[in-house]
Amino acid sequence: MRKVMANITVRKLPDSVHDALKARASSGQRSVEGEVRIILEQAVFPKDRVLLGNTLQSIGKSLGLSKAGFKAVRKSLDSWSDQNSSQ
C-alpha cells in the first residue's frame, strides 16, 4: 500500500523570500521544494525538543521503577481516570 503525502501551497510569498530559499537550496544542492521540507521539519521537530516519554522513562529509571511497578502505577491512574471521567 502506498502512503499518500500531503501537499501545501504558500500564496503571496515575497520574491525576496523565494530568492533566499533558492540560494539556500542551491548551497545545499537541493530543490527549493526539498529545502522547504527541511525547514518545515526542523521547525516542527527541533533537535533540542523535550520528549515527554523519554523524560518520564528517565525519571522512572532514576527512581528504580520496574516494569511491574510502572504497570501498577498505570493501572492506578487508569482507574482514577475512569472514576473521574464520569463526573
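A straight Cα-to-Cα reach below 19 Å connects Lys67 with the lysines Lys75, residues fewer than 8 places away in its own chain not being considered.
Under the simplified labelling scheme, the Val36-Arg2 pair shows an inter-label distance of 2.2 nm, with each label point 7 Å from Cα along Cα→Cβ.
Taking Cα atoms only, the orientation of helix 67-85 departs from the longest principal axis of the chain by about 90 degrees.
Largest first and in whole Å, what are the equivalent-ellipsoid semi-axes of the chain based on the Cα gyration tensor, each being the root of 5 times an eigenvalue? Can you show the working numbers first?
Numbers: eigenvalues 412, 69, 34 Å².
Calculated on Cα positions only, the semi-axes equal 45, 19, 13 Å.
Calculated FRET efficiency, Thr55 and Ser26, Cβ-Cβ r, R0 35 Å, to nearest 0.05? It comes out at approximately 0.35.
Quick note: the coordinates plus some simple rules give every number you see, no bench work behind them. Since we're looking at a predicted model, the values are computed, not measured. Virtual Cβ from ideal backbone geometry, glycine too; neighbours counted across all protein chains shown.
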